[in-house]
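Enquirer: What follows is a single structure, and I will ask about it in a moment.
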Amino acid sequence: MAAKNVIVGGGPAGIYAIEEIRRLDPDAEIVLVSDEPAYARMALPYFVAGTAPEEQTLTGGPAYYQRMRVDARIGRRAVRLDPAARTLRLDDGTALSYDQLLLATGSRAQRPPIPGADLPGVLPLWTLADAQAALARLPERGEVCLIGAGFIGFIILNALYKRGCRCHVVEIRPQVLPRMLDRDSAALVERWLLERGIGIHTGAQVEAITQRDRRLAVKLASGEEIVVDLVVLATGVQPNTELAREAGIACDQGILIDDHCRTSDPRVFAAGDCAQGPELITGRREVHAIQPTAVDHGRVAGANMAGRDVVYPGSLLMNLLDVCGLHCVSFGQWAGDGKEETRVVNHSLPGYRKIVWDGTQIVGAILVGPPDDTTMLNDVGMLKGFIQSKAALGPWKRYLEENPTDLRRAYVGAGIPGRLIQQRTTGQPASDRGHRLGDLPPERPRSPFHEMLVAGKPEMPDAPPAAAG
């Protein structure tokens, strides 16, 4: 009898789990339960900026579900999970049985306890419905105040700036992007934004939001008022764990999962923003509410639901942002926390590069640079590779300390490509899945060169040549 897999949530984690299950088990029964259409949250800024239509945010539709042979219950909400009976009850009274179930319930925007935070025109920009509501209210080249200068807030800021809006940013911490950049790199970002006419209010607390004729006034504790057309709340997100908690499944900040993406119930998996799973460098269980982690979780959970034994090495915390034309990236243990660091600063570009070391292993990094800095753009992938490989670089460490902008020589010389080729998320060689997310046709199949890479085990030198040392 075909295994019955129920997936709760149609975000990236849920959709990639569907793809992996279907790839590995053509006969599996798959039921998707989602209270909203399946869409890519990371595509919403392009919709808000006006550079992509709404339909391009969607990752699933009737044709897609039909092709993937998924029983899609769109618009239905899961209200009760009974692990003992292996049933999931929906808001319409339907009870679904399952052999394996995936909780990919995502997260929700936090609404801060600010007087006036519930006024019309004050909203998070977290869901497709939020984006639609914001655009319906916002006049052409309107004025917006973002409360919160974190990663989410800056994704929204970039979209609104590209739309032609006049923007203000209020952050209670003393710098922008406090969970992504250190103080020195944040200072470069703040200067960049000020030069582009964006109001920056760091170390500022919002006392209240009030109606001002047809506009909104954001009152700061300093007495300053910012009058705008729209207020966007970007003060963080909270994992949706209620379904798991009420079912007795172990939770902390998120739903606790092991290195197979299993919860405390062996037939229930969790993935994405709602899950608290192993982190790559330390092994500690953390919530990484970022799309790359959701994709990896979904693929690993899907493979294990399909009967494989796939061990997940852990998620790498990483953030990549276009901040109104300035590229900002951070990986892993970027804060340093007392570890050895290598830094390069160029105030005129502006540019910033920081590498964090644990012995001879790179465990974190920050890069900031303008869009025409091709060196930085090329180095983003290599820095991620250094961290993911967990390679001890030996004498290559000294080379990078002396030449921190020449990553390529150390990357190849230390054998990082060979290590990464052998790291496969689901334990299988990388392959063309034959279809793409959404209703678009397949991309071109992989090349013969791809086959050579995944089949071979290239050998690389472990030390730099004498001339490079």
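Computed from the coordinates by the stated procedures, all read-outs in this text should not be read as laboratory data. Everything numeric in this text was worked out from a predicted model, so none of it was measured. Heads up, the Cβs are rebuilt from the backbone with ideal geometry, glycines too, and the neighbour counts pull from every protein chain shown.
Enquirer: What trypsin sites (Lys or Arg not before Pro) in segment 190-272 are in a loop by DSSP, with at most 10 other Cβ atoms within 10 Å of the Cβ?
Expert: R214
Enquirer: Where does the chain land at 222 nm, in deg cm²/dmol rounded to the nearest 500, when only DSSP H runs of n ≥ 4 count, each adding -39500 (n - 2.57), divided by all residues?
Expert: -8000 deg cm²/dmol, from helical runs alone.
Enquirer: So what's the convex hull volume per residue for the Cα atoms of the chain, in Å³?
Expert: 158 Å³
Enquirer: Please list, ordered by chain and number, the residues whose modelled amide H lies under 5 Å from the amide H of G351; skip anything fewer than 5 residues away on the same chain.
Expert: Distant-sequence amide H within range of G351: N346.
Enquirer: Let's see if you can work this out: charge +1 on each Lys and Arg Cβ, -1 on each Asp and Glu Cβ, no other charges. What is the dipole magnitude of the chain about its Cα centre, in debye to the nearest 20?
Expert: Computed about the Cα centre, the dipole is about 300 debye.
Enquirer: Can I ask one more? Are there chymotrypsin sites (Phe, Trp or Tyr not before Pro) in segment 121-166 that DSSP marks as loop and that have at most 16 other Cβ atoms within 10 Å, and which are they?
Expert: The qualifying sites: there are none.
Enquirer: To continue, here is another question. For segment 51-92 and segment 403-422, what is the separation of their Cα centres, given in Å?
Expert: 42 Å
Enquirer: Considering every pair of different Cα atoms, what Kirkwood radius, in Å, is found for segment 303-376?
Expert: 14.2 Å
Enquirer: Sticking with this structure for a sec: Contact order normalised by length for segment 112-214, with contacts defined as Cα pairs under 8 Å and 6 or more residues apart; what percent is it?
Expert: Relative contact order comes out at 30 percent.
Enquirer: Kirkwood Rh over alpha-carbon pairs of segment 122-235, then Stokes-Einstein at 20 °C and 1.002 mPa s: what D in µm² s⁻¹, rounded to an integer?
Expert: Calculated translational D: 152 µm²/s.
Enquirer: Here's another thing I want to ask about it. Over the chain, what is the relative contact order in whole percent, taking alpha-carbon pairs under 8 Å and six or more residues apart?
Expert: In percent, rounded to a whole number, it is 14.
Enquirer: Starting at the first residue of segment 49-63, write each ³J(HN,Hα) from the Karplus equation 6.51 cos²θ - 1.76 cosθ + 1.60 with θ = phi - 60°, in whole Hz, x for Gly and Pro.
Expert: Result, ordered by residue: 5, x, 9, 8, x, 4, 4, 7, 7, 7, 10, x, x, x, 5 Hz.
Enquirer: Taking GluC sites (Glu not before Pro) that fall in a DSSP loop and have at most 10 other Cβ atoms within 10 Å as cut points, what is the longest piece of the chain between them?
Expert: Here the longest segment lacking exposed loop sites spans 141-458.
Enquirer: A further question follows. Enumerate the amide H contacts of T105 below 5 Å, restricted to partners 5 or more residues apart or on another chain; note that Pro and chain-start residues carry no placed amide H.
Expert: Residues meeting the criterion, in which the H sits 1.01 Å from N, are A271, C274.
Enquirer: Considering the dipole of the chain built from charges on the beta carbon (Lys and Arg +1, Asp and Glu -1) around the Cα centre, which of N240, M180, Q56 is farthest to its positive end?
Expert: Among N240, M180, Q56, the one farthest towards the positive end of the dipole of the chain is Q56.
Enquirer: Moving on. Using DSSP to define loop residues, name the chymotrypsin sites (Phe, Trp or Tyr not before Pro) in segment 387-424 whose beta-carbon has at most 16 other beta-carbon atoms within 10 Å.
Expert: Loop-located and lightly packed - none at all.
Enquirer: Another question about this same structure. Could you give the distance between the Cα centres of segment 196-237 and segment 298-339, to the whole Å?
Expert: Centre-to-centre (Cα) distance: 32 Å.
Enquirer: Kirkwood hydrodynamic radius (Cα pairs, Å) of segment 227-273?
Expert: 12.5 Å
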